[in-house]
Amino acid sequence: MSVQLFRYVARTGEGAIVRGTVRAESAMAAALDLQRRALIVTAVGVRRRFGPPGGRHQRKALHGFYRAFSVLLRSGVAMRRALAVTLTHCRDRDLEEAVRAILSDIEHGSSLSAAMARRPKEFPALHCAMIGAAEVGGVLDDVLDRIATLLDRDHVVRKRIQSALAYPALVACAASFVLFFLLVRVVPMFADMFRQLGAPLPAPTKLLLGVAGLLGSPTFLAAASLIFAGLLLSLGAANSFANERIDRMRLAAPVFGPLMRMTVVARIARTLGMLLRCGVDMLSSIDAALPVCGSASYATGLRQIADGLRRGESLHQCMARSRLFEPLLLALVTAGDETGTVDRMLLTAAEYLDVEVESALTVIASLVEPALICILGLVVGLIVFSIFLPLYALIGSLA
């Protein structure tokens, strides 16, 4: 039987209400697991997900939780007291319920990493692996601060990409709307006029009128809607092979492809470097980095690297064979393998790639905007030329 994610509502021995999620094969198994934690179960049901977890507000709340938790532990506050204090400052309901359940688990003998691992919606496997290693090494406050820094860095990179691409995307949408309006509303008016005047139409005008008639036909609109809906459904139900094909096309796209590759590689390097620095072994680090790499192609490459490491190969050999990583990263990893400083080299590569991503974003923002404006002007100019060409011919024949 497959393992499912169940949402539960329970009470502690003191009567406090606890809500959260638990993985189990059935509702009965979930209830028994909760009872072993000295919880009085009042409701258990399968959790239904209608969208990707970890929205912007939840990431912000999680960042605040880790930062506050780290500060309290570093100040000498006991773990239970630190969790209770951070619980009062949670602004996300799901995170508040998860922290309350974690506090209950810890009070009944569970470790922090094990309690967090039972709530995969709120706490990714990457964070649980780092915290588990920190508990063994006795550096929990430092690792919590590193996780907060990791979230903050990821947020900064995401905001920079969104800011750099927001205006070009807005210009592209506005241009598309203007062109669609011209072709569907304005051009057909001239088509009726040409038909009434009986003016001879040159080839560019005939082509323009044909495109306008096609775009404005109900059959085309219905077919386009069905195709768009089919693409959405196929993407939602795509298998791993299709996802990888789509991801390869995305990474091979001109202009934006190299930017996405650098972003993914920087995220992988930073994640692996953080995990290794926290004391997590390489294979476990790769497993924890798989869900956060953000690319099906690179996820497959990481799995192949893990297979090579199990065969006794070195990390730089496995990375070089995958042909997915930059020469600079390979050189740094090679040096790290030789000196035993792979974690430091990976973090150095991540910092370098962050600078490269920022430079690429600046270049893209400075080039894409004028390019879009030029393309829009060219297309509008062709439309105007195609419309007025037969008018000039008609005026010349009348003269």
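Every read-out reported here was derived from the displayed coordinates using simple, explicitly stated rules and does not represent laboratory data. Model, not experiment: these values are computed from the prediction. Ideal geometry is used to build each Cβ from the backbone, glycine not excepted, and the neighbour counts take in all protein chains shown.
Taking the 0 to 90 degree range and rounding to the nearest ten, how far is the long axis of helix 27-36 tilted relative to the main principal axis of the chain, both from C-alpha atoms?
40 degrees
Show me, for region 301-312, the HN-Hα J-couplings you get by feeding each phi into the Karplus relation (A = 6.51, B = -1.76, C = 1.60, θ = phi - 60°), rounded to Hz, glycine and proline as x.
x, 5, 5, 5, 5, 4, 5, x, 5, 5, 7, x
Would you mind getting the Kirkwood hydrodynamic radius of the chain from its Cα pairs, rounded to one decimal in Å?
Final number for the Kirkwood radius of the chain is 25.5 Å.
Local charge sum around L95 (other residues, Cβ-Cβ under 12 Å, Lys/Arg +1, Asp/Glu -1)?
Result for the neighbourhood of L95: +3.
Tell me, which longest segment in the chain has none of the trypsin sites (Lys or Arg not before Pro) that fall in DSSP loops with at most 15 further Cβ atoms within 10 Å?
Excluding the exposed sites themselves, the longest stretch runs over 92-310.
So, counting K/R as plus one and D/E as minus one, what does the shell of residues with Cβ under 9 Å around G336 add up to?
That sum, taken over residues with Cβ under 9 Å, equals -2.
Taking Cα pairs under 8 Å and at least six residues apart, what relative contact order does the chain come out at, in percent?
14 percent
How far, in degrees from 0 to 90, does helix 203-216 lean away from the longest principal axis of the Cα atoms of the chain, to the nearest 10?
50 degrees
Cut-off under 16 Å on the C-alpha distance; same-chain residues fewer than 8 positions from K159 excluded. Which lysines are left, in chain and number order?
Here the lysines satisfying the reach criterion relative to K159 are K60.
Show the residues, 5+ positions off or on another chain, whose built amide H is closer than 5 Å to the amide H of V18.
Amide H to amide H, under 5 Å and 5 or more residues apart or across chains, V18 pairs with A10, R11, T12.
Relative to the longest principal Cα axis of the chain, at what angle does helix 187-197 sit, 0 to 90 degrees, rounded to 10?
10 degrees
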